[in-house]
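The values are calculated or read from the model by the stated rules, or taken from the named source; none is laboratory data. Owing to the predicted nature of the structure, the values given are computational and were not obtained by experimental measurement. Neighbour counts run over all protein chains shown; Cβ positions are idealised from the backbone, glycine included. Just the protein is used for accessible areas: all its heavy atoms, side chains included, with ligands, DNA and RNA removed. Shrake-Rupley method; radii C 1.70, N 1.55, O 1.52, S 1.80 Å.
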Amino acid sequence: MKKSLLIVTVVLITTCLFAQDKPSFFQSQILGKGKNQFPLQLSFDAYPFLFLSNGGGGSIGLEFGNWQVGAIGFSVAPPDYIKITFFQNANDIKVSRNNAVEVFANYYLRKDRKGIYTGIMGGPEWFMLEDKISGAKETIVKSYVVPRMGIRVFPFKKIFYADASFGWSFNVSGKETETLGQTNFNASAGGFIYFLQVGARFDLK
């Protein structure tokens, strides 16, 4: 009996020691434990759904350590949810175009800059507006800051990736009442927004 108990104890201790040496799924896949630090890289990506809305856009980024920083630009004939998200009392306003130039920074949990990240982006956006009643047109500029969270995956292991993220857009340029033609409206405080990108990255070293 004592001999059996001793054998079971040795097996349990050995199993626990090996389990401690081997990273868990969370440690290896989410936190990237055991992953090598990736070199300096350059990344390019595009927003595919913008091209379906008579527009286009994407970003360019520099990657180092756990960080990715860069700039974003886009132009799109926005869907209705953009007007609903960014404007109030605007039933008689048509948003014919939405352009933007923004900067961003993402911090990845993994040293190979794959998987989950948190980030922030922001900058000015130009909205081309038209009053449906009078036909009057105007372009207004609003600035936003967007904290976000996302995930980046590499289906082909190395170069090409897909990136999905979501965040909350904060209007930092005011919500004062605007008048265009015969319509008074307001920019909203901001709202929920999401992104989908496809891209590629390349070593610089």
Completion exercise
Violations at 27 Å Cα threshold for listed pairs LYS142/LYS205; LYS158/LYS205; LYS83/LYS137; LYS132/LYS175; LYS111/LYS142; LYS111/LYS205 -> LYS142/LYS205; LYS111/LYS142
Completion exercise
Whole-percent carbon and sulfur contribution to the accessible surface of the stretch 75-205 (1.4 Å, no ligands, DNA or RNA) stands at 61 percent
Fill in the blank from the handout: Fraction of alpha-carbon pairs in the stretch 34-77 farther than 12 Å apart, rounded to whole percent, equals 62 percent
Completion exercise
Diffing the stretch 167-180: the Karplus 3J(HN,Hα) column from phi (6.51, -1.76, 1.60, θ = phi - 60°), in whole Hz with x for Gly and Pro, holds x, 10, 8, 9, 6, 10, 10, x, 10, 4, 5, 10, 10, 10
Practice task
Highest first, please rank the peptides 92-99, 154-161 by the mean number of other Cβ atoms sitting within 10 Å of their residues.
Solution key: 92-99, 154-161
Practice task
Would you mind counting up the charge near ASN91? Only other residues with Cβ under 15 Å from its Cβ, with Lys and Arg at +1 and Asp and Glu at -1.
Solution key: -2
Exercise for the section: Sum up the charges of everything whose Cβ sits under 13 Å from the Cβ of ILE60, counting Lys and Arg as +1 and Asp and Glu as -1, but leave ILE60 out. Expected result: -2
